1. Within the range B:185-243, how many residues are assigned to a helix (DSSP H, G or I), of a type in the set (Gly, Ala, Ser) and over 20 Å from the mean Cα position of the chain (by Cα)?
2. Hey, which of the helices (runs of 4 or more DSSP H) in the range B:64-164, taking only ones fully inside, have at least 3 residues that are in the same structural domain as B:VAL197 (by TED's automatic domain parsing) and within 26 Å of B:VAL205 (Cβ to Cβ)?
3. Would you be able to tell me the number of residues in the range A:144-167 that are under 24 Å from A:GLY226 (Cα atoms) and either among the charged types (D, E, K, R) or without any contact (Cβ under 8 Å) to a residue 24 or more places away in the chain (or both)?
4. Scan the range B:165-183 and give yes if some residue there is small (Gly, Ala, Ser) and surrounded by fewer than 16 Cβ atoms within 10 Å (Cβ to Cβ), otherwise no.
5. Do you know which of the residues in the range B:115-162 that are among the charged types (D, E, K, R) and under 28 Å from B:VAL254 (Cβ atoms) is nearest to the other protein chains (Cβ to nearest Cβ)?
6. I need the full set of residues from the range A:173-192 which are surrounded by 21 or more Cβ atoms within 10 Å (Cβ to Cβ) and farther than 16 Å from A:TRP266 by Cβ, in order please.
7. Confirm whether A:ARG374 is in contact (Cβ under 8 Å) with a residue 40 or more places away in the chain, more than 23 Å from A:GLY237 (Cα to Cα), buried (at least 16 other Cβ atoms within 10 Å of the Cβ) and more than 14 Å from chain B (Cβ to nearest Cβ).
8. Being without any contact (Cβ under 8 Å) to a residue 40 or more places away in the chain, under 29 Å from B:LEU265 (Cα atoms), hydroxyl-bearing (Ser, Thr, Tyr) and in the same structural domain as A:GLU115 (by TED's automatic domain parsing) is the requirement here; does A:SER66 meet it?
Amino acid sequence: MKNKLFKIFALFVLASVILSACGGGIAATQAPAEKQKVVIFVGFGTGTDPDQVTAQEALAKKFNDSHENIEMEFLIVPNEEARERFLAMVSGDNAPQLVGPHGTSTIANFKEYWEDITPYIQKDNYDMSDFYGPATTINKYPDLDAGLPLGLYPSFLFYNKDAFDAAGLDYPTHDYEDASWNINALKDMAMQLTLDANDNTPNDADFDATSIKQWGYGDTWTDMRGQLAMFGAPDQGRPTSDDYKTATFNAPERVFGFQWLHDGIWKDHFIPDANGQAAIDATGADPFGSGQVAVWYSHTWFMSEGLNELPFAYDLAPLFFNQDGERIARIHADLFTMPKDAKNKDAAWEVMKWLVAPEQIVDVCKIYGCLPARKSTEEAYLNYLKERYPNIDHAVIFKAIDYLDSPHHEGWVPEWGKVNDSLNNVLSILYGEPEADVQAVMDQGNEDLQKILDEYWASH
Amino acid sequence: MTFPAFRKMSLARREALAGYAFIVPWIIGFLIFTIGPMLASLYFSFTKFNIIDPPQWIGLANYERVFSGIWDAIRTGDSRQFGDPLFWKSLQVTIYYASIALPLNLAFSFFLAVLLNQKVRAINVWRTIYFLPSIIAGVAVTILWVRILNPRVGVLNPFLKDVLGIQNPPGWLSDPEWAVPALVIMSLWSVGGSMIVYLAGLQGVPTDLYDAAKVDGANAWQRFWNVTFPMMTPVIFYNLVLGMISTFQYFTQVYVATSNSIGGLGSPQHSTLFYNVYLYQNAFRYFDMGYASTLAWILFIIVLSLTALIFRSSDTWVYYEGQLRGRG
């Protein structure tokens, strides 16, 4: 028995040796060189909807079919898990080669994690002249150029034409030069568009603020810095001095803005308070799509998710001028970034270039809803917009780029996360406290911010 | 096949060795996945560590940050004097929640268990109905309650207003004063687990004790207080320890309920900034893993101390049948 087993074993070993020898020969002559893998981590921003996942798979196939040495793969992670998953990958020495598309806030929050692509641009003498100016500066810091620009998301007003018709109001102007379209005009308009359960407006004596069914204006899908950027403080979207050492949150322009918003919520009732927003959220729709906010301030990224089969007519208008006659319209800018600890960085750079190349950038932006960052593709994208959204004024979109906030409302500040959380705590007072003493709240917010900055600079 | 040395051992020794062999996989897992990370986090708590750069030893600086300024804060009554005011705020929120939710959960689940221990028709159906909510995932329950508690479109406030006549019902999760009570109400939805443990305990109380009490002329309340309650103290003790630990680790419900609200996680106005929420923020939002590890160890010591306190106090109020211990 033992002898038989030994013979079978010997035969098996011999066969293995012969087969592996043949296999080795075949491999040596036929196998292609091993491809360098570039994993693109999607989850911090847009890109996780089922339609987008399918489109990204098609994009990866297109790349892989045309590249022999690099294999592109999208890793889709739910937004609520993205932060932990990314950190786990980095700490496990398994950083993805690219992360994106994501915007200024994620780039600023994780600023120490990204590779500066300046050497890659210099090495290839990469031509940056085709990109819109803001697209090349928003995510660029003295010590970090986070990535090649992919797309811009300028901001403007979305308005419900049916609500205007029902109120007997003229639509807001589409003319960026019309100086009469200012903060007071918006307020007057918004108050006439705000309706309680009995169709009374805040201008009527019988108005019931507890039963509002339609608010005139909303800008609630942004944080405290974003909401106050339009009021034109010297540092615009950044609540600190140029050297990041002094808190400037309670600058007079921001105090004015906070008071204007507070009055809009609690005195004039044309902006939904925290409970109103929670009620809108409970409908499962976005504020504009729910039909409960007549004029909605947002970005182009809202178009792909918010302008789908709405039961009312709508159009776009420029953001109004602020109290000082200035227009500051927030802008978002997305790109793909390369983590410092990633392997295959040269391959990642090739993929990054391919994604924003003139041949691809329009298709890539169609997936993510961004306006391509290349000027040369403006017409191609405009044609796409005309086809996808035939009933809106497309000129409003492109012109908005000229009014961006700088410094940016999501740009880096020391302890970015702490600063944002601290200021968003102030935001919860704005939307939750009808009796808030605005100046005192802003002063306290500034004091808290200064403490965070002082602690940071004490150890840097 | 057996080894000769193994055959020479006594039966008891062989059984012991076999037992150890069976638990070796668990011990290995425990050492690698529990003790290992615990020791690593203890080391990190003495470092400055942002994940991408190697940990940098800073001694007791993280602990100093937590505990500095205590006397100034007490002396002036100004919580901003604390080295890290948000640490103390998060501890205060957690203790506030625990002090309401823990006794309420213990009492409510005990009450339900007593009800479900009665001899009534279709009792198994009732037991199933009351247990069901506890097996629904915490995220789903939280989303459900966020809607129920919504002051404008939820069903609770109209009930309070129209049925109970409360003219200004609370804003619940959007009101800093009522956010924690709202979470306490939410927690009562999930008492099914401890209720079942109580129910099992109630069914184990010997009926001859009730018979003897009846013979002695005890009424229903006296039978409950002098028979049921003492016999149930080991179960209460068990639920108290587990409940205390879980309330100090409260996280998921707050994360789901507040992360997309105005003001973000822990809002409004830090009223739901629970200890674990603050720990999470430090680890994954501020990338301060060293400080987050410090917070984790302080929480561990707090929970360990409270557990020890409960165990120590158990001599005076937990009755173990057949055990000569304390007054029991």
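The values are calculated or read from the model by the stated rules, or taken from the named source; none is laboratory data. This one's a predicted model, so the numbers in the text were calculated from it and none came from an experiment. Glycine gets a Cβ as well: all are built from the backbone with ideal geometry, and neighbour counts include every protein chain shown.
1. Step one: list which residues in the range B:185-243 are assigned to a helix (DSSP H, G or I), which gives B:185-188, B:192-203, B:207-215, B:220-243.
Now narrow it down to the ones that are of a type in the set (Gly, Ala, Ser): B:187, B:192-194, B:200-201, B:212-213, B:220, B:243.
Subset that is over 20 Å from the mean Cα position of the chain (by Cα): B:200-201, B:212-213, B:220.
The number of residues fulfilling the criteria is 5.
2. Numbers: elements: B:70-76, B:85-115, B:123-131, B:138-148.
Once the helices (runs of 4 or more DSSP H) in the range B:64-164 are filtered for at least 3 residues that are in the same structural domain as B:VAL197 (by TED's automatic domain parsing) and within 26 Å of B:VAL205 (Cβ to Cβ), what remains is B:85-115, B:123-131.
3. Qualifying residue count, the range A:144-167: 1.
4. Filtering the range B:165-183 down to residues small (Gly, Ala, Ser) leaves B:165, B:171, B:174, B:179, B:182.
Keeping just the survivors that are surrounded by fewer than 16 Cβ atoms within 10 Å (Cβ to Cβ) gives B:165.
The answer is yes, given that some residue of the range B:165-183 is small (Gly, Ala, Ser) and surrounded by fewer than 16 Cβ atoms within 10 Å (Cβ to Cβ).
5. Start the filter on the range B:115-162 by keeping residues that are among the charged types (D, E, K, R), which leaves B:119, B:121, B:127, B:147, B:152, B:161-162.
Adding the requirement that they be under 28 Å from B:VAL254 (Cβ atoms) leaves B:147, B:152, B:161.
Numbers: B:ARG147: 5, B:ARG152: 4, B:LYS161: 11 Å.
Here the answer is B:ARG152.
6. Listed by number, the residues that qualify are A:TRP181, A:LEU186, A:MET189.
7. Values: in contact (Cβ under 8 Å) with a residue 40 or more places away in the chain: yes; more than 23 Å from A:GLY237 (Cα to Cα): yes; buried (at least 16 other Cβ atoms within 10 Å of the Cβ): yes; more than 14 Å from chain B (Cβ to nearest Cβ): yes.
So A:ARG374 passes the test.
8. Values: without any contact (Cβ under 8 Å) to a residue 40 or more places away in the chain: yes; under 29 Å from B:LEU265 (Cα atoms): no; hydroxyl-bearing (Ser, Thr, Tyr): yes; in the same structural domain as A:GLU115 (by TED's automatic domain parsing): yes.
No; evaluated as a whole, the condition is false for this residue.
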